[in-house]
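Beneath this line is the structure, given in structure tokens, with notes to follow.
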């Protein structure tokens, strides 16, 4: 873990290319930069889609980059436990999104309500997942399934989810060493970027 530095787009992109990501320690503390060991990833050919999740795939529509700011605001809802998305983080990733480096996927109910989603940073063949939220059963999981489909079709090779949680483990996330992650990262960021839908 490192401390300090700014959240300018160039700083953030250099950090991701080096295997680091920011997460504040607290409101008045310096920005912390993390490189977990082990690191959690979801292999793009190893996503676990349960029977119930397959049914949910028919329940929600999914869009890409339709409402990035609403997604990051939902992920940063102060009512959620372990919240870490400060206004500084929000502003930094909205700026990255406007520059074409950060992307969101949104899950919608039949009546047009935003019920789930996720966002992260895309560099070459890397997608670094930052956060996800769900307001309806499986909504964030549906967004994740569609993300994996998009990444696979776009030639991506690495879906970083930072730390392994029981929730992510049920979806096929695994841990690898920092050394193994950095090898995969170097290969991924050197690849052609995913062609994100407009």
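The values are calculated or read from the model by the stated rules, or taken from the named source; none is laboratory data. In this text, all values refer to a predicted model and were calculated from it rather than measured experimentally. Note: ideal-geometry Cβ built from the backbone for every residue, glycine included; neighbour counts use all protein chains shown.
Looking at (1) assigned to a strand (DSSP E or B); (2) under 24 Å from residue 23 (Cα atoms), which is the only condition residue 107 fails?
Result: residue 107 fails condition (2) only.
Output the residues belonging to the stretch 139-159 that are in contact with a helix residue (DSSP H, G or I) (Cβ under 9 Å, 6 or more places away or on another chain) and more than 15 Å from residue 47 (Cβ to Cβ).
Residue satisfying the conditions is 139 alone.
Pick from 119, 93: which is in contact with a strand residue (DSSP E or B) (Cβ under 7 Å, 6 or more places away or on another chain), under 16 Å from residue 133 (Cβ atoms) and assigned to a strand (DSSP E or B)?
So the residue among 119, 93 that is in contact with a strand residue (DSSP E or B) (Cβ under 7 Å, 6 or more places away or on another chain), under 16 Å from residue 133 (Cβ atoms) and assigned to a strand (DSSP E or B) is 119.
Residue by residue, here is whether (1) in contact with a helix residue (DSSP H, G or I) (Cβ under 8 Å, 6 or more places away or on another chain); (2) buried (at least 17 other Cβ atoms within 10 Å of the Cβ); (3) free of Cβ contacts under 8 Å to residues at least 12 places away in the same chain; (4) part of a helix (DSSP H, G or I) holds:
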{"residue": "161", "(1), (2), (3), (4)": "yes, yes, no, no"}
{"residue": "168", "(1), (2), (3), (4)": "no, yes, no, yes"}
{"residue": "192", "(1), (2), (3), (4)": "no, no, no, no"}
{"residue": "195", "(1), (2), (3), (4)": "no, no, no, no"}
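Hey, among the residues in the stretch 176-190 that are within 21 Å of residue 149 (Cα to Cα) and touching a helix residue (DSSP H, G or I) at 6+ places or on another chain (Cβ under 9 Å), which one's surrounded by the most Cβ atoms within 10 Å (Cβ to Cβ)?
185
Among the candidates 44, 53, which residue alone is out of contact with any strand residue (DSSP E or B) (no Cβ under 8 Å at 6 or more places or on another chain), modelled with pLDDT of 95 or more and either surrounded by 15 or more Cβ atoms within 10 Å (Cβ to Cβ) or not in a loop (DSSP other than H, G, I, E, B) (or both)?
Working: 44 fails: out of contact with any strand residue (DSSP E or B) (no Cβ under 8 Å at 6 or more places or on another chain).
Criteria check complete, one pass: 53.
One line per residue, one yes/no per condition, for (1) under 22 Å from residue 158 (Cα atoms); (2) free of Cβ contacts under 8 Å to residues at least 60 places away in the same chain; (3) touching a helix residue (DSSP H, G or I) at 6+ places or on another chain (Cβ under 7 Å); (4) not in a loop (DSSP other than H, G, I, E, B):
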position: 59; (1), (2), (3), (4): no, no, no, no
position: 62; (1), (2), (3), (4): yes, no, yes, yes
position: 70; (1), (2), (3), (4): no, yes, no, yes
position: 77; (1), (2), (3), (4): no, yes, no, no
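Residues are listed down the side, and each one gets a yes or a no for (1) under 13 Å from the mean Cα position of the chain (by Cα); (2) surrounded by fewer than 23 Cβ atoms within 10 Å (Cβ to Cβ):
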{"site": "68", "(1), (2)": "yes, yes"}
{"site": "74", "(1), (2)": "no, no"}
{"site": "94", "(1), (2)": "no, yes"}
{"site": "98", "(1), (2)": "no, yes"}
{"site": "104", "(1), (2)": "yes, no"}
{"site": "110", "(1), (2)": "no, yes"}
{"site": "114", "(1), (2)": "no, yes"}
{"site": "122", "(1), (2)": "yes, yes"}
{"site": "142", "(1), (2)": "no, no"}
